[in-house]
1. Taking every pair of alpha-carbon atoms in region 154-369, what share in percent sits in each 10 Å bin, from 0 to the bin with the longest distance?
2. At a Förster distance of 41 Å, what's the computed FRET efficiency of residue 375 paired with residue 72, Cβ-Cβ distance as r, to 0.05?
3. Based on the alpha carbons, how large is the Rg to Rh ratio for region 145-230 when Rh follows Kirkwood?
4. Run the quick spin-label model on residue 191 and residue 91: label points 7 Å from Cα toward the beta carbon, then report their separation in nm to one decimal.
5. Modelling each spin label as a point 7 Å along the Cα-to-Cβ direction, I'd like the residue 274/residue 254 distance in nm, to one decimal.
6. With equal scatterers on the alpha carbons only and no solvent term, can you work out the Debye log10 of I(q)/I(0) for region 279-327 at 0.16, 0.26, 0.31 1/Å?
7. Taking the inverse of the average 1/r across all pairs of different Cα atoms in region 95-199, what Kirkwood radius in Å do you get?
8. Would you mind pulling out the separation of the Cα centroids of region 56-110 and region 304-378, in Å?
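Bear in mind these aren't lab numbers, they're just calculated from the coordinates by the rules spelled out. In this text, all values refer to a predicted model and were calculated from it rather than measured experimentally. When we count neighbours, we look across all protein chains shown, and the Cβ atoms used for this are built from the backbone with ideal geometry, even at glycine.
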């Protein structure tokens, strides 16, 4: 009613006044300011420094990022000092469980550097460590031969590596002199990182108990585009070998062997598909590897007991194998070119006489004789 005061209005305005008291207004503004400050700070850190996600595995009590030591992942800046500072900081933490050095996403150029004990070097899935190609940064390492005896003394093992050269070396070991791998069974399949673009040349190799150069048997991530050339294998059980098995999955393809010499070698060329060693019983026997596109040319030798032993299987055949210009002086007169479940060709002159699984071509690559069956098996492990 006009001219009559509403008795409820004073209490209402009192409530409004109490809600918007100076202290409460100040508190609310500070809370809002703090919230947005934290939000924009986190966004800025993520955008500027490419930090790892919050669920990053933590393997050590102390965790550092390479950026804390001045690292720049632009593929151009040299990060050797950043790595060295990170390693030095972690070396002081050995009694406390060591430390973890995280390498964020990016391309991190560096010269060689040493790691330390009690350390985990963890790379983001999009991180690449690039080795500098300027030789002035490479340390000259003095040779240190080992003349002792023991189990499994292999040479270099390259696992899930790419764009790599091994050359100008003398290797004498008690296992595979060089082994190219890419993960084991279900773990290698899951990780899925192949070894590829590998060039091995100008070597003298001796392996009395194993093979000079092996691919596998752990090759579940795949191995491709490997060239081995200009190498001498002497006084060895095997010269070059590819080994795999059911459960590995993956592939071995586009492999080239050229200008190899065998001297006093038990078996020169080996492909084996039943190398049945597994990390545990969880492998999938239906995961069958693919072996194809493998070539051997200019292969010569003397004192070779079995020049070729290629053992495919019904489940794991070996496809598209090529032999060209081969002459290996043998110590036996029969069962010296052994094949099973292999498909391929022989071009030009090859000695000893190849197995019947292979098509024969003349030096002009004209078909002379077609194989009647790729499934013929002539494998003899008695010698």
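1. It works out to 9, 36, 38, 16, 2, in whole percents.
2. Working: r = 58 Å, r/R0 = 1.42.
Efficiency, rounded to the nearest 0.05: 0.10.
3. 1.00
4. Output for this residue pair reads 2.8 nm.
5. For the pair residue 274/residue 254, the computed spacing is 3.2 nm.
6. -0.65, -1.05, -1.20
7. 17.0 Å
8. 52 Å
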